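Written below as structure tokens is the structure these notes are about.
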Amino acid sequence: MRLNFIILALAGLTAAAPSIQIDTDANSQELADRAAAAWPNGPLVTSGRYIRDASGKNLTYAGANWPGAADVMIPEGLQYQSIATIVGKVKSLGMNAIRLTYAIQMIDEIYSNGGKDITLQKAFTQALGATNGPKVLAKVLAKNPEFTASTTRLEVFDAVAAESAKQQIYIHLDNHISKGMWCCSTDDGNSWWGDKYFSTANWTRGLAYMAEHGTSWPALTSMALRNEPREPTSSPSVSSSSYNWQSWYTFIKQGAEAVHAKNPGVLIFLSGMSFDTYLTPIVRGTALTPGTGKFSLADFPGYANKLVLEIHNYETSANNCNNLKNNLYNNGFQAHTTSAVNQFPVMLTEFGFQMDASTWKGTYASCLASYLPAEKAGWFIWVLAGSYYIRSGTQDFDEGWGLLTRDWSAWRSPSYVNGALTTMVKNTLS
Ligand SMILES: *[C@@H]1O[C@H](CO)[C@@H](O)[C@H](O)[C@H]1NC(C)=O
Ligand SMILES: *[C@@H]1O[C@H](CO)[C@@H](O)[C@H](O)[C@H]1NC(C)=O
């Protein structure tokens, strides 16, 4: 990719000034270095509803979710393709970002293991068993020969981060779950602070760890506190005592502080209740019930210009675009308008649907394809993954919502990806 980049830079230069001859390696290397040093032009900050880079230019994300929070706890797909190939697929769509997910359990195990993460050998065997674990690992190593069986999971994340920087893809790092597994249901023990696997202390420790570790990733521009907070139905006492906006605010302030203290550069994304489907009381500045307190930017001293709202939407059977737009507005996108008490940039960090020849032509997909670019709102489609190492007990799980085919080699719905999706990317980033 480095090579392609230099060629592009040279092509641009010669087109503008055809008489200039770039004839030494030193010149082309210098050009490439200068451009690479400028990107990502952070730290990013917010200004009202916009995100701005260090030069004051506004930007947003148009990208895909790349999960790495399930049982093996490394980014998916590496038994089929190299990291460079996968990042290149994202880049080829014109996308500028990935939402990379991780599990808090990975950091818990680093602490239990004397500060060093466990090896791929151990991670694959733990997750896929003594027979399949080593087999799948062998495929990962064949496709990604820079790794060995003793490479750690965190080093795989580092390699994804390095490749993303090389191809100029922003990383939005998302704490998806506590225990590494397929997410999310209300009874999976990961639902809400205090649920079976969701220790608040482990969570803030994990956020702080990744925030600090992420200072070595040039591509890292934002971190999300927690994916899809939801009612902990298998922990009734937690549910009745704290599944509410008042407690939500207590927890997210702790998480935001944990991230900001270790990495003041990153934007911090806040996700709402009920599977992150709405953040209305934050936008409208109404009481955080059952208390009477309200959201206040003053509660984020020194980093009020680092906060972004994220919601998810899976109203896949929507049959009226205006209704869907009204829902999106009421659930969070009102924060883009002057009618909001608290203005923020808002992103739709998950939406998705079956990747086939026709679903993308339906109301849900086509409505989002016009609404999000019109709003200049950032988004991440669920999901890049054509398959998972394991999902809910099934190994090599084929993902029908995946942009990629099971072996991550081609687009599952070329008509969508090469048409509406790339147009949506272009319209969002233009
Ligand atoms: C950048 O800001 C301008 C208004 O200042 C707006 O028209 C444009 O859509 C914004 N672009 C993005 C990507 O946010
Ligand atoms: C928190 O992390 C420790 C390791 O430091 C681990 O033993 C414990 O099980 C974790 N708590 C939860 C609820 O996962």
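The values are calculated or read from the model by the stated rules, or taken from the named source; none is laboratory data. Note that this is a predicted model, so its numbers are computed, not measured. Note that each Cβ is placed from the backbone with ideal geometry, even for glycine, and that neighbours are counted across all protein chains shown. Protein only, heavy atoms only, side chains kept; ligands, DNA and RNA dropped before computing areas. Shrake-Rupley method; radii C 1.70, N 1.55, O 1.52, S 1.80 Å.
Brief remarks on what is shown
- The listed residue being touching a Leu at 6+ places or on another chain (Cβ under 7 Å), within 16 Å of ligand 1 (Cβ to nearest atom) and at pLDDT 95 or above, out of Thr60, Thr46: Thr46
- Gly129 vs. criteria within 16 Å of ligand 1 (Cβ to nearest atom), in the same structural domain as Asn227 (by TED's automatic domain parsing) and surrounded by fewer than 20 Cβ atoms within 10 Å (Cβ to Cβ): no
- Only one entry of Thr204, Thr200, Thr221 meets the criterion of being within 15 Å of ligand 2 (Cβ to nearest atom) and surrounded by 18 or more Cβ atoms within 10 Å (Cβ to Cβ), and that entry is Thr204.
- Screening Thr186 with (1) within 16 Å of ligand 1 (Cβ to nearest atom); (2) open to solvent by 10 Å² or more (accessible area, probe 1.4 Å) gives one miss only, at (1).
- In segment 101-123, the qualifying residues are those that are in contact (Cβ under 8 Å) with a residue 60 or more places away in the chain and in a helix (DSSP H, G or I), and the one that is farthest from ligand 2 (Cβ to nearest atom) is Met106.
- Some residue of segment 417-425 being in contact with an Asp or Glu (Cβ under 9 Å, 6 or more places away or on another chain) and either of a type in the set (Asp, Glu) or open to solvent by 20 Å² or more (accessible area, probe 1.4 Å) (or both): no
- Residue check, Thr250 farther than 21 Å from Ile110 by Cβ and either under 17 Å from the mean Cα position of the chain (by Cα) or basic (Lys, Arg) (or both): no
- Checking Phe344, Phe380 one by one, the residue that is within 16 Å of ligand 1 (Cβ to nearest atom), open to solvent by less than 50 Å² (accessible area, probe 1.4 Å) and assigned to a loop (DSSP other than H, G, I, E, B) is Phe344 and no other.
- Of all residues in segment 307-323, those that are open to solvent by 10 Å² or more (accessible area, probe 1.4 Å) and either under 14 Å from Thr280 (Cβ atoms) or within 23 Å of the chain's Cα centre (by Cα) (or both) total 3.
- Any hit, segment 142-152, residues being in a helix (DSSP H, G or I), of a type in the set (Asp, Glu) and open to solvent by 20 Å² or more (accessible area, probe 1.4 Å): no
- Phe397 outside any loop (DSSP other than H, G, I, E, B), open to solvent by 10 Å² or more (accessible area, probe 1.4 Å) and closer than 27 Å to Arg226 by Cβ: yes
- Restricting the first member to segment 189-201 and to residues that are over 11 Å from Lys179 (Cα atoms), and the second to residues that are within 7 Å of ligand 2 (Cβ to nearest atom) and open to solvent by 10 Å² or more (accessible area, probe 1.4 Å), the beta-carbon pairs closer than 9 Å and six or more apart or on different chains are Trp193/Ser199.
- Among the residues making up segment 347-366, those that are open to solvent by less than 20 Å² (accessible area, probe 1.4 Å) and assigned to a helix (DSSP H, G or I) are Tyr364, Ala365.
- Scanning segment 324-333 for residues that are over 9 Å from Tyr371 (Cβ atoms) and either open to solvent by less than 60 Å² (accessible area, probe 1.4 Å) or in contact with a helix residue (DSSP H, G or I) (Cβ under 9 Å, 6 or more places away or on another chain) (or both) yields Asn327, Tyr329, Asn330, Asn331, Gly332.
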